[in-house]
Amino acid sequence: WVFFSQQFCLLLGSCLGGVFKRTLAQSLLALFASSLAISLVFAIIPLCHNVVVLAVVMAVAGLAMGCIDTISNMQLVKIYQKDSAIFLQALHFFVGFGALLSPLIADPFLSDTNCILANGTANASSNLPHIRKSLVPHHPGNLSHYDLPMKGMVVTRVSYAFWIMALINLPVPIAVFFLLYKERMVPCFNGSSHPLLSADELALETRPGDKDELSSAAQRAHVAAGHEDLFSCCQSKNFRGASYTYFAVHITGALVLFMTDGIVGEYSGFVYSYAVEEPLSVVHKVAGYLPSLFWGFITLGRLISIPVSYRMKPATMVFINVVGVLITFLLLLIFSSSVVFLFVGTASLGLFLSSTFPSMLAYTEDILQYKGCATTVLVTGAGIGEMVLQLLVGSIIHDRGSYSFLVCGMIFGCLAFTFYALLVFFHRMYPKPSPELDEASPDKAAVPEDTGQYQR
């Protein structure tokens, strides 16, 4: 329930994140509040002595993470548009880098034995390997044979890991606050700093004769550019005059990320359980390296994708990703009894999955000419997929055994490729803008876009 509360609120935060994108001030204030909340949550977690309180605290963290996810992706697409692919790859590189770094920070503070000292601690500690193995979902009955002491003196240093992470994250809200200060958006310091905007942009915002005209132009650009929150996207006024391919691009793009992000969640969550079971029976300590290897190659892949995205189209990158995932799962099924290939396949899968999200986001927004709700819909679809497929695969492994882990991955990979093929088909069917509309679009009209973007 603790992890579910975090995942559910992360999804909710992803849906609500678009609410704060209307002005630069709203986006920066939301980023400041969310990043500061994450530092506070990490500091509070070691003090939670009740599982309900912990669930609430983790829910707040999920809400903040979801808001950051949507706002950061949305603002990069809005600011850089056709050049956003490179910046999205860089953004998601740091996402993977954080996922790789945080377990390494926590590892020195984790105990190999039970953290509660009591009379039976020695026996309980020696039984821990058997207990860990019995925690695999389809052997729940063995748990009653091993008793761990639940009362006694708690000996653990894991709190330090949370406090270190809170300190590491603290420069982020400080940096956002500095940006708010430089943009004169902090009420107490409005007159003392020089803004980051250029003089020309400020002149366009403050010129008296053009104020009303610019305001209406900014509103038109805002409506045309889309990027609404999920609830605004669902309003009927946004559907008027839209072709069926408009909806199809949103849906198929979201379904591709539903599958690929779901694969990331289920593979990182269950590859350890799969490895320690038969026929592989990998030693627990060695199997523990698999999730780190997976996230390590996701991070490496995102780093490689930054220069690659400058040369290669997002559509081509997504094609390579989904085909690579499909081939990797096929080879994992063929060599399912090889421990060596499990490590090779894990690295390969991380590499192919690494750039799927930013490439798909750039590709879909490019199809829609930055006028739809693609960013919000895709972020929400990815969040739902990570939550739902992890739960689904866990239930299937419980009923069918560990081999179904790879079968599920193969099925999800096939579905991701199918949805990508449909997306390409709808892309070809999607109406291209006429030259007149193209000249009037927000990405062609520099003045309305800038004034709308930096509107206070």
Exercise. Starting from the residue with the highest accessible area, list MET312, MET360 in decreasing order, probe 1.4 Å.
Key: MET312, MET360
Self-check item: Shape metrics for segment 243-430, restricted to C-alpha atoms - Rg then Dmax, Å
Solution: 16.7, 55
Self-check item: Accessible solvent surface per residue of segment 243-430, calculated while the other protein chains remain in place, 1.4 angstrom probe, Å²
Solution: 39
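What number comes out for accessible area per residue over segment 5-105 if the probe is 1.4 Å? Units Å², please. Display every interim value, and only then the final one.
Values: 4200 Å² over 101 residues.
In whole numbers, segment 5-105 has 42 Å² accessible per residue.
Please work out how much length the chain gains when fully extended from PHE425 to SER292, using 0.36 nm per residue of separation minus the C-alpha to C-alpha distance, in nm with one decimal.
Result for the pair: 44.2 nm of gain on full extension.
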Quiz item: For segment 243-430, what % of the accessible area comes from carbon and sulfur atoms, probe 1.4 Å?
Solution: 72
Quiz item: At a probe size of 1.4 Å, how large is the accessible area of LEU303, to the nearest 10 Å²?
Solution: 90
Quiz item: For ILE411 and ALA175 in the same chain, what is the full-extension length gain: residue separation times 0.36 nm, less their Cα-Cα distance, in nm?
Solution: 80.6 nm
Practice problem: Grab the beta carbon distance between ILE334 and LYS432, set R0 = 41 Å, and tell me the FRET efficiency rounded to 0.05. | Solution: 0.45
Exercise. Taking all protein chains together and a probe of 1.4 Å, list MET65, MET259, MET387 from the most accessible to the least accessible.
Key: MET65, MET387, MET259
Quiz prompt | Simple label model, 7 Å out from Cα along Cβ direction - ALA33 to SER243, nm | solution = 4.0
Quiz prompt | Per-pair calculated FRET efficiency, R0 = 35 Å: ASN50 and SER102 via Cβ, rounded to 0.05 | solution = 0.90
Quiz item: Under a Cβ-Cβ cut-off of 12 Å, what is the net charge of the residues other than GLY401 that fall near it, where Lys and Arg count +1 and Asp and Glu count -1?
Solution: -2
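Which of the peptides 66-73, 28-35 is most tightly packed, and how do the rest follow, judged by the mean count of other Cβ atoms within 10 Å per residue?
Top to bottom by mean Cβ count within 10 Å: 66-73, 28-35.
The values are calculated or read from the model by the stated rules, or taken from the named source; none is laboratory data. Model, not experiment: these values are computed from the prediction. So basically every Cβ, Gly included, is an ideal-geometry build from the backbone, and we count neighbours across all protein chains shown. We work out accessible area using only protein heavy atoms, side chains counted, and drop any ligands, DNA or RNA first. Shrake-Rupley method; radii C 1.70, N 1.55, O 1.52, S 1.80 Å.
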